[in-house]
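So the structure is just underneath, and the comments pick up after that.
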C-alpha cells in the first residue's frame with residue numbers, strides 16, 4: 001500500500017517531532033542542532049531556531065500558548081515563542097547532567113517534563129522557572145517520558161529495560177502549606193533489553209512500548225491488573241511507537257530496520273509496512289486532533305496519514321447519498337431530512353484492515369440501485385422500498401460507475417479493459433480502453449471519462465470511439481455542470497474547467513490541496529481547498545470566499561446556500577452570500593462577495609489577493625464598497641476608497657466580460 005504523504009522534507013537526521021494543535025505546523029529537532037518549523041500543507045519552511053550547542057533531542061508545542069520547548073545534547077531546555085519573528089529563546093532551564101532525550105509541556109499546568117541520559121526525569125515550572133521534582137528510580141539512560149493526556153500520571157522508558165508509570169497527583173498540591181510530596185512508581189513493566197519509547201493510549205488504560213529486542217509491547221494497566229501483548233516483525237531496534245489517532249486498536253511503530261509498521265493489536269498482526277531504502281527511522285509523532293502522523297529518519301521527515309478521510313457521496317437531484325459509519329445515508333436538500341438507507345458490509349478483507357470506508361458511490365435513480373466501491377472491490381445494492389435489505393452483489397475491480405439504466409462499468413486495470421455489467425452482476429460486454437486508465441467517471445449515457453497520470457479522454461463505450469482528449473495530469477475527481485456542458489477536473493493542486501468534449505477553458509493552480517467543487521449559478525464553480533472556500537468564474541478569475549476551520553467537501557450549491565460534508569460525514573450548510581445580478585435601473589451589474597481576512601482594501605491589493613466587492617451608489621454618485629464580514633469603505637468618485645474598489649473589480653473581472661461592472 002502506498003503511503004499517503006502530505007510533506008516530505010529532506011534535511012538532517014530528525015530526532016524529535018511535534019504537531020501544532022491548531023495551525024498546520026510541525027516542528028522538527030535535528031541532529032545538526034537546528035530546530036525547524038514547517039507548514040505541512042504548503043510544504044514551506046517557516047522559521048529556524050538555532051541556540052542549542054549540539055543535537056536537539058526532543059521538541060514539543062504547547063497546546064494553548066504560542067510556545068515551543070526543546071531539549072538538547074547541551075543539557076539545556078529552552079522555551080521559544082513560535083508565533084513571533086523573535087529568534088531568541090524566552091527561557092533556558094539548566095539542571096540535567098546528561099543529554100536530554102525528550103521534552104513535553106503539560107496540558108494544563110505550567111510544567112515541562114524532561115527525560116535525560118543522566119538516568120533522571122525532571123518536572124519543571126516554566127512560569128516561574130524552577131525544577132519542581134526529580135524522579136530517580138531508573139538506573140540507565142531514560143529515553144522517553146510523557147504526561148498522560150488527562151490523568152496525573154507520567155510514563156517513562158529506559159535503557160535499563162523497564163517502563164514505569166508515576167503518580168504525580170501530589171504535585172498539584174505544591175502550593176498548599178505543609179504538604180509532603182509523594183510521587184510514587186505505580187507500575188513497572190519489563191523488557192529483556194533497553195526500551196526506547198513508551199506512549200499512553202489517549203483514553204483507555206493502555207500504553208505501548210518499543211525496545212532493542214525488536215519487539216512492540218501493548219500493556220493493559222488498571223489497578224493491580226497487568227497484561228501485555230507482544231507484536232513481532234521488526235528486524236532491528238524499535239525506536240518509537242504510538243497509538244493511531246483515530247483507531248484505538250491500531251499501533252504504529254518505527255525502527256532502525258528502515259521501516260514503519262502498522263499493527264492490529266487485538267489480533268497481534270501486522271497490517272501494513274512502509275520501508276525506505278537507506279534511512280533508519282528514529283521518531284514518530286501524532287497530531288492531537290486530526291488524522292496525521294509524522295516520522296523522522298536519517299535524512300529528514302515525512303508527514304503522512306494512513307486512513308483516507310474524504311467521504312464518499314453522490315448527488316442525484318434533490319438527494320445526497322453518502323457513506324457514514326458503514327451505512328448508506330440519504331439527505332434531502334429541500335427539507336433537510338436525513339435518514340439511514342442500508343447498512344454497508346464493507347470490503348471482504350478480514351478484521352485487520354484500515355480501509356473499511358467506501359472510496360466512491362454511484363447511484364442509478366431509474367433502477368434505485370447504489371454501487372459502493374471500496375478500492376479493489378464493490379457492492380451492488382438495490383435500495384429497498386421496505387425495511388428488508390437484500391444481500392449485495394459483490395465483485396472486484398479498480399473503479400466502477402453506473403453508465404446507463406441497469407448497466408454499470410467496471411475497470412480492470414491489469415488488462416486495461418472496461419467491463420459493462422448488468423444488475424444481476426453478469427457481464428454484458430467488454431471493451432479495450434484507448435489509453436492506459438487508472439479511473440473511470442460518468443460522462444453521459446454510455447460515455448466514460450477515463451483518466452491516468454498524464455491525461456483524460458472521453459470514451460463512448462457503445463461506439464468504441466474517443467470523443468475528446470485533454471492533457472491534464474493527476475485527475476482525482478470530476479464535477480459536471482447541471483446541463484453537462486462543462487466539467488471541472490480536480491487534481492491535487494489544480495482545477496481544469498473544460499467543455500463536454502474536453503476542450504480546456506481555464507486552469508486554476510493552488511498551493512495547497514484542492515478538496516472538492518460544485519457548480520453554482522452563472523457557471524460559477526465553487527470549490528474548497530484545505531483552508532478556504534473559493535470560486536472561479538468561466539474566464540478563470542478566482543478568489544477566496546471565506547477561510548475554513550476544517551476541511552469540507554462541497555456536495556451542492558443552491559442559490560446562496562452551500563451544502564458540504566465534513567470528514568466525519570456530517571452535513572454542513574453554509575451561506576456563501578454572493579450574488580451576480582443585473583440592476584436594470586442603474587444600468588450595471590451588482591456583484592457581492594467577501595473581503596477575506598478583514599484587511600483593508602489597500603492592504604489586500606498590496607498582497608496581490610483578488611477580492612470581490614459590491615458597489616452601492618447613492619443619488620450623489622458616492623460609492624459604498626462592502627466586503628465580507630461587513631467591512632465598508634465609503635467615498636465619492638474621486639476618493640481613494642472608491643478608486644481602490646473600482647480597481648479591485650476591474651482586476652477581478654476581465655475586459656468585455658459579461659460580469660463587467662460599469663454604467
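Values in this text are rule-based calculations from the coordinates and carry no lab data. Owing to the predicted nature of the structure, the values given are computational and were not obtained by experimental measurement. In this analysis, Cβ positions are derived from the backbone assuming ideal geometry, glycine residues included, and neighbour counts consider all displayed protein chains.
So what is the relative contact order of the stretch 60-205, in percent, for Cα pairs below 8 Å that sit 6 or more residues apart?
Across the stretch 60-205, relative contact order equals 14 percent.
Give the average over all directions of the projected area of the C-alpha convex hull of the stretch 10-245, one decimal, in nm².
Value for the stretch 10-245: 13.2 nm².
Between residue 204 and residue 63, take the C-beta separation as r, use R0 = 22 Å, and let me know the FRET efficiency to the nearest 0.05.
Once the sixth-power term is evaluated, E becomes 0.60.
Compute the semi-axes of the equivalent ellipsoid of the stretch 198-240, taking the square root of 5 times each eigenvalue of the Cα gyration tensor, and list them largest first in whole Å.
21, 11, 7
Given the convex hull over the Cα atoms of the stretch 169-324, what projected area results after averaging over all orientations, in nm²?
Result: a mean projected hull area of 14.8 nm².
Report the label-to-label distance for residue 318 and residue 390 in nanometres (one decimal), using points 7 Å from each Cα along the Cα→Cβ vector.
Inter-label distance under the simple model: 2.7 nm.
With a 10 Å radius around each residue's Cβ, average the other Cβ atoms per peptide and rank 478-487, 188-197, highest first.
188-197, 478-487
Report relative contact order for the stretch 472-565 in percent, whole number only (criteria: Cα-Cα under 8 Å, sequence separation at least 6).
The normalised contact order for the stretch 472-565 reaches 18 percent.
With just the Cα atoms defining each centre, how far is the stretch 300-350 from the stretch 48-85? Give it in Å.
41
Defining a contact as two alpha carbons under 8 Å apart and six or more residues distant in sequence, what relative contact order in percent does the stretch 40-136 show?
Relative contact order of the stretch 40-136: 19 percent.
log10 I(q)/I(0), Debye, Cα-only the stretch 472-565, no solvent, q = 0.12, 0.13, 0.14 Å⁻¹?
Once normalised to I(0) and log-transformed, intensities are -0.31, -0.36, -0.43.
I'd like to compare 501-514, 130-143: which one has the highest average count of other Cβ atoms within 10 Å, and what's the full order after that?
Ranking, from highest mean packing down: 130-143, 501-514.
Can you work out the FRET efficiency for the pair residue 572 and residue 494, with r the C-beta to C-beta distance and R0 = 25 Å, to the nearest 0.05?
After rounding, the FRET efficiency stands at 0.50.
Assuming R0 = 56 Å, what is the FRET efficiency of residue 337 and residue 506, from their Cβ-Cβ distance, to the nearest 0.05?
Approximately 0.90, to the nearest 0.05.
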